[in-house]
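Below is one structure; the comments refer to it alone.
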Amino acid sequence: ECLMAISETSLTRVEQILHFLVIHLLREMRELDIVNMQEEEKLWDELRHTVGTKDLIAIINRLIDQCLAVVMNKKTGEILMMNAKDYIDRNLSSDLGIEELADYLKISCSYFSMLFKMHFGETFVEYITRQRMETAKSLLKMTDKSIAQIGKMCGYSERRYFTKVFQKYTGIPPSEFRGS
């Protein structure tokens, strides 16, 4: 009889700890935008109808799985963008397009564009242009290659187009930049 009373007290204490754990897990998930209001309401309703430790442990496992899924998705996005940056760096001198990169990463163009903007804070075209122009500025200052050669090295096959983009980006033509 005494043993039964201890185990019931222990069981009640375990249930209190598990409830406490669920509440704190939900609070963290809300702050990290892992759970929305509807999902949270549904969970509170479920908590009101739980019968014991088994149900509480099942809820906790579900919440942890949901957290892991979100974290893995974020990780996947970061890995995809690291691969995209590496690909861009290796192919900056060629004609790069969103389709080519999305195909290389095996994702849709719209998902690539959304991830890219989120990760780099600028569009793909803005990023490529900035990378090319920064490379061009370095090459103009540190080499004696012709403007046409530098344009080609930066992914612009036409000298006039390279000059136009460079002037728009820096405010001065490449020849003037080199002389400054």
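Of note:
- Top-ranked residue in the range 85-101 [being touching a residue at least 12 places away in the same chain (Cβ under 8 Å) and under 19 Å from Glu158 (Cβ atoms); ranked as surrounded by the most Cβ atoms within 10 Å (Cβ to Cβ)]: Leu96
- Residue count for the range 102-147 under the criterion of being aromatic (Phe, Trp, Tyr) and open to solvent by 60 Å² or more (accessible area, probe 1.4 Å): the result is 2.
- One residue stands out among those in the range 36-67 that are open to solvent by 70 Å² or more (accessible area, probe 1.4 Å) and under 18 Å from Thr12 (Cα atoms): the one that is modelled with the lowest pLDDT, which is Val51.
- Of residues in the range 68-82 being at pLDDT 85 or above and either open to solvent by less than 80 Å² (accessible area, probe 1.4 Å) or not in a helix (DSSP H, G or I) (or both), the one farthest from Leu11 (Cα to Cα): Met81
- All positions within the range 15-24 that are open to solvent by 40 Å² or more (accessible area, probe 1.4 Å), hydrophobic (A, V, I, L, M, F, W, C) and within 27 Å of Asn73 (Cβ to Cβ): Leu21, Ile23
- Screening the range 83-114 for residues that are assigned to a helix (DSSP H, G or I) and within 21 Å of Leu139 (Cα to Cα) and picking the one that is farthest from the chain's Cα centre (by Cα) gives Arg90.
- The one condition from (1) closer than 28 Å to Ala84 by Cβ; (2) surrounded by fewer than 18 Cβ atoms within 10 Å (Cβ to Cβ) that Arg160 does not meet is (1).
- Being of a type outside the set (Phe, Trp, Tyr) and free of Cβ contacts under 8 Å to residues at least 24 places away in the same chain is a property that Val125 has.
- Among residues of the range 45-57 that are among the hydrophobic types (A, V, I, L, M, F, W, C), those with a beta-carbon under 7 Å from a residue that is in a loop (DSSP other than H, G, I, E, B) at least six positions away or on a different chain give the pairs Leu56/Thr50.
- Those helices (runs of 4 or more DSSP H) of the range 134-180 in which 2 or more residues are out of contact with any Pro (no Cβ under 7 Å at 6 or more places or on another chain), small (Gly, Ala, Ser) and modelled with pLDDT under 95 occupy 174-179.
The values are calculated or read from the model by the stated rules, or taken from the named source; none is laboratory data. Because the structure is predicted, anything quoted here is derived from the model rather than measured. Glycine also receives a Cβ, built like all others from the backbone with ideal geometry; neighbour counts cover every protein chain displayed. Keep in mind that these areas ignore ligands, DNA and RNA; they rest on the heavy atoms of the full protein, side chains included. Shrake-Rupley method; radii C 1.70, N 1.55, O 1.52, S 1.80 Å.
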